[in-house]
1. Tell me which residues, restricted to region 25-67, are at negative phi, part of a loop (DSSP other than H, G, I, E, B) and more than 13 Å from the chain's Cα centre (by Cα).
2. Please go through region 172-208 and pick out each residue that is among the hydroxyl-bearing types (Ser, Thr, Tyr) and within 15 Å of ligand 2 (Cβ to nearest atom).
3. Before we move on, is Tyr164 among the aromatic types (Phe, Trp, Tyr), within 16 Å of ligand 2 (Cβ to nearest atom) and touching a strand residue (DSSP E or B) at 6+ places or on another chain (Cβ under 6 Å)?
4. May I ask you to list the residues in region 163-180 that are buried (at least 16 other Cβ atoms within 10 Å of the Cβ), over 14 Å from the mean Cα position of the chain (by Cα) and not in a helix (DSSP H, G or I)?
5. Out of region 150-162, which residues are part of a loop (DSSP other than H, G, I, E, B) and either touching a residue at least 24 places away in the same chain (Cβ under 8 Å) or of a type in the set (Gly, Ala, Ser) (or both)?
6. Could you list, in sequence order, the residues of region 129-148 that are surrounded by 15 or more Cβ atoms within 10 Å (Cβ to Cβ) and either of a type in the set (Lys, Arg) or more than 13 Å from ligand 2 (Cβ to nearest atom) (or both)?
7. Return the only residue of Pro245, Pro223 being surrounded by 18 or more Cβ atoms within 10 Å (Cβ to Cβ) and part of a loop (DSSP other than H, G, I, E, B).
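Bear in mind that the values in this text are calculations on the coordinates, not laboratory data. Predicted, not measured: the structure shown is a model, and the values here were computed from it. In this analysis, Cβ positions are derived from the backbone assuming ideal geometry, glycine residues included, and neighbour counts consider all displayed protein chains.
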Amino acid sequence: MKLHCLGTAGYHPSEARHTACFFLPEPGIAFDAGSSLFRLHGLIATESISVLLSHTHLDHVMGLTFFWDLLGGNTPLKRIHIYAQREKIDAIREHLFHSSLFPVIPPFEWHVLEDLGPRFELGGAKCSWFPLEHPGGAVGYRLDFPGVSLAYVTDTTCEDDSEYWRNLQGVDWLVHECNFTDQEKKMARHTGHSWPTEVVAQAAKHGVERLILTHFNPMVSHPDPVGLREVLQKRRLENTPEQAPRLIELARDNMAFELI
Ligand SMILES: [Zn+2]
Ligand SMILES: [Zn+2]
């Protein structure tokens, strides 16, 4: 099963990165609907897809307006299921698809997370969702497929005592946001985002097998936008007791991972 990193920026698109969307073509599951959602075009392999929204800040939902180009014979797509918390669905319908902002809403089928409960079946997986730490609220998701598990966690501040890590124990693959560097910790806390030292430390502490960092500052064009190399070197020098995840990657747009 392949995971496609379609958009790896937060906030706004840049020449190198579009905003948040990750896609599993096999079960037809997308995480978030940022500006990179147009890239689903060549990847949709199912008649129905499910979009799991973390929250409704524009960098995660603007791509919902692109769906007309993905329907109607251009792809196999016939049905689009959107999953989000109730107040987020209301905000999308009332604001993003207000006729002053967008002419006609695509034919979405809405699924309210609170009505489904904390765990439900989706595309052959057990899907669970849990609150994160972000202004306005956001949720993370974990999908447990037979043989492989994957979690998607953005936008959030990651602290040593952050409750949401309880849901990530032993996960095979974790996609976690890392918008800021260690030096920008104050700004990260202020805006509800993360920095690499804490994310790596928590991933190690909770037995995460493979960690993919994403949601980077679009204005930083360096291939290591958050100084991950120095963070890992420091952990090695300090001989940190917990095992680091066996793979830590900085996501780039259009990168794909074979999950199983
Ligand atoms: Zn964001
Ligand atoms: Zn946000």
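1. Pro25, Glu26, Pro27, Leu43, Ile44, Ala45, Thr46, Glu47
2. Selection gives Thr191, Ser194.
3. For Tyr164, the condition - among the aromatic types (Phe, Trp, Tyr), within 16 Å of ligand 2 (Cβ to nearest atom) and touching a strand residue (DSSP E or B) at 6+ places or on another chain (Cβ under 6 Å) - is met.
4. Val171, Asp172, Phe180
5. Listed by number, the residues that qualify are Thr154, Asp155, Thr156, Thr157, Cys158, Glu159, Asp160, Ser162.
6. Residues of region 129-148 surrounded by 15 or more Cβ atoms within 10 Å (Cβ to Cβ): 129-130, 132-134, 137-145, 148.
Within region 129-148, Trp129, Phe130, Tyr141, Arg142, Leu143, Asp144, Phe145, Val148 meet the criteria.
7. Pro245
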